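A short write-up of the structure that comes next.
The values are calculated or read from the model by the stated rules, or taken from the named source; none is laboratory data. Everything numeric here is computed off the predicted structure, so don't read it as measured data. Every residue, glycine among them, receives a Cβ derived from its backbone with ideal geometry; neighbour counts consider all protein chains shown. Heavy atoms of the whole protein, side chains included, go into the accessibility calculation; ligands, DNA and RNA do not. Shrake-Rupley method; radii C 1.70, N 1.55, O 1.52, S 1.80 Å.
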Amino acid sequence: MGSEHLSTSNDFLDLERLPRRIAFVGGGFISFEFAHFAARLGEGGQELTILEVSERPLGPFDGEMVSLLMDASRDEGIQVRTGIQIAAIEKHASGLTVQMTGGELLTADLVVNGAGRVPNLEDLALEAGGIDHSRRGIGVDAGMRTSNPRVFAVGDCAATIQLARVADYEGLVAARNILAELGLNEGARVDYGAVPAVLFTYPQYGMVGMTEDALKQQNIPYKKIFGEKLGWPTYRRVGLKHAAYKILVGSDNRILGAHFLSDCASGLVNTLKQAMLNGTSVQDLYWQNIMSPYPTRESDLIYMLKPLL
């Protein structure tokens with residue numbers, strides 16, 4: 001009850017001033033990024049709260065690294081509350097009241113829906129085309145074909161990873177397969193095994209490959225190198241207190257997953273993504289990065305990898 005009082009991400013971006021009390025419903029990308037934006041762009045004294053129904057936020061990310069990011073968020077004045085179910089949102093003259101199922105109340109000036117959006121499929125007449133779909137989107141195979149082999153789906157309407165560059169990649173794969181049916185080139189398949197993702201908080205959380213939780217669940221043997229609250233010059237000179245890393249390596253000494261908390265995580269993630277795509281061993285990756293420009297975030301990779309040599 002009261003969903004009409006929820007603001008969307010578009011509403012948040014259109015604000016001329018940030019209100020003092022903001023609650024974010026859902027502990028995913030949008031809520032964390034917007035909360036960190038608000039913590040830095042506000043006028044001070046703000047009350048920022050993320051409300052997540054699960055036992056921890058950011059489910060696709062590594063649990064240990066998420067805990068470190070939550071510590072960094074708390075230092076920024078962002079309260080992250082888990083295991084929260086919302087019963088109602090009511091509007092009053094003094095603002096909005098979020099009522100939890102246990103009866104607890106949270107007062108806010110703005111409540112933002114950060115729980116994600118569903119694909120806009122209603123006007124596509126998918127049933128008429130015999131195209132299977134669900135709340136997550138249209139089902140596709142590795143060639144981006146739907147259950148109707150004459151129809152392809154890519155990007156946000158497809159039940160795949162919702163990232164901009166992934167959508168670009170899917171579009172290219174679909175185009176190549178359409179041309180392949182005309183005999184104009186070879187077909188292609190999407191490989192989601194090394195999709196990089198960056199959460200634009202501060203510090204940023206960048207990851208590629210598998211999480212430690214997933215490796216344990218699938219009984220995949222691995223070695224782990226991990227560090228937190230890094231005092232390396234790259235971070236000490238900018239005053240970043242919550243830098244951390246986790247690199248997961250298989251029995252063949254190739255990267256299974258990599259996770260970084262950094263003020264600039266994209267370069268680190270992209271370097272590890274290329275290593276995964278190329279099947280580069282830890283030893284070769286170490287030697288290839290010794291001459292990285294110093295002091296950059298990428299130059300720190302040799303410190304991270306050395307224990308595995």
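Structure notes:
- First in region 95-108 and free of Cβ contacts under 8 Å to residues at least 40 places away in the same chain and over 15 Å from Q85 (Cβ atoms), second anywhere and open to solvent by 70 Å² or more (accessible area, probe 1.4 Å) and of a type in the set (K, R), Cβ under 9 Å, 6 or more apart: T97/K91
- Selection status of A115, out of contact with any helix residue (DSSP H, G or I) (no Cβ under 7 Å at 6 or more places or on another chain) and either open to solvent by 80 Å² or more (accessible area, probe 1.4 Å) or not in a loop (DSSP other than H, G, I, E, B) (or both): no
- Within region 129-143, the set of residues being on the phi < 0 side of the Ramachandran plot and without any contact (Cβ under 8 Å) to a residue 40 or more places away in the chain comprises G129, I131, D132, H133, S134, R135, R136, I138, G139, V140, D141.
- Residue within region 94-106 that is out of contact with any Gly (no Cβ under 8 Å at 6 or more places or on another chain), outside any strand (DSSP E or B) and crowded, with 16+ Cβ neighbours inside 10 Å present: no
- Residue check, A39 open to solvent by 60 Å² or more (accessible area, probe 1.4 Å) and hydrophobic (A, V, I, L, M, F, W, C): no
- Single residue of region 68-85 satisfying the filter (of a type outside the set (D, E, K, R) and open to solvent by 60 Å² or more (accessible area, probe 1.4 Å)) that is nearest to L261 (Cα to Cα): Q79
- Boolean, L51 is in contact with a strand residue (DSSP E or B) (Cβ under 7 Å, 6 or more places away or on another chain) and either more than 20 Å from S67 (Cα to Cα) or in contact (Cβ under 8 Å) with a residue 40 or more places away in the chain (or both): yes
- Going through (1) in a loop (DSSP other than H, G, I, E, B); (2) within 21 Å of the chain's Cα centre (by Cα) one by one, I131 falls short only on (2).
- The residue of region 35-70 that is modelled with the lowest pLDDT, among those that are assigned to a loop (DSSP other than H, G, I, E, B) and closer than 15 Å to V111 by Cα, is Q46.
- Region 10-34, subset in a helix (DSSP H, G or I) and over 16 Å from the mean Cα position of the chain (by Cα), residue surrounded by the fewest Cβ atoms within 10 Å (Cβ to Cβ): N10
- Residue tally, condition assigned to a loop (DSSP other than H, G, I, E, B), open to solvent by 40 Å² or more (accessible area, probe 1.4 Å) and of a type outside the set (A, V, I, L, M), over region 149-198: 12
- Filter pass, D109 being open to solvent by 40 Å² or more (accessible area, probe 1.4 Å), modelled with pLDDT of 95 or more and touching a strand residue (DSSP E or B) at 6+ places or on another chain (Cβ under 8 Å): yes
- Which numbered condition T271 fails, given (1) surrounded by fewer than 19 Cβ atoms within 10 Å (Cβ to Cβ); (2) farther than 16 Å from K224 by Cβ; (3) of a type outside the set (G, A, S): (1)
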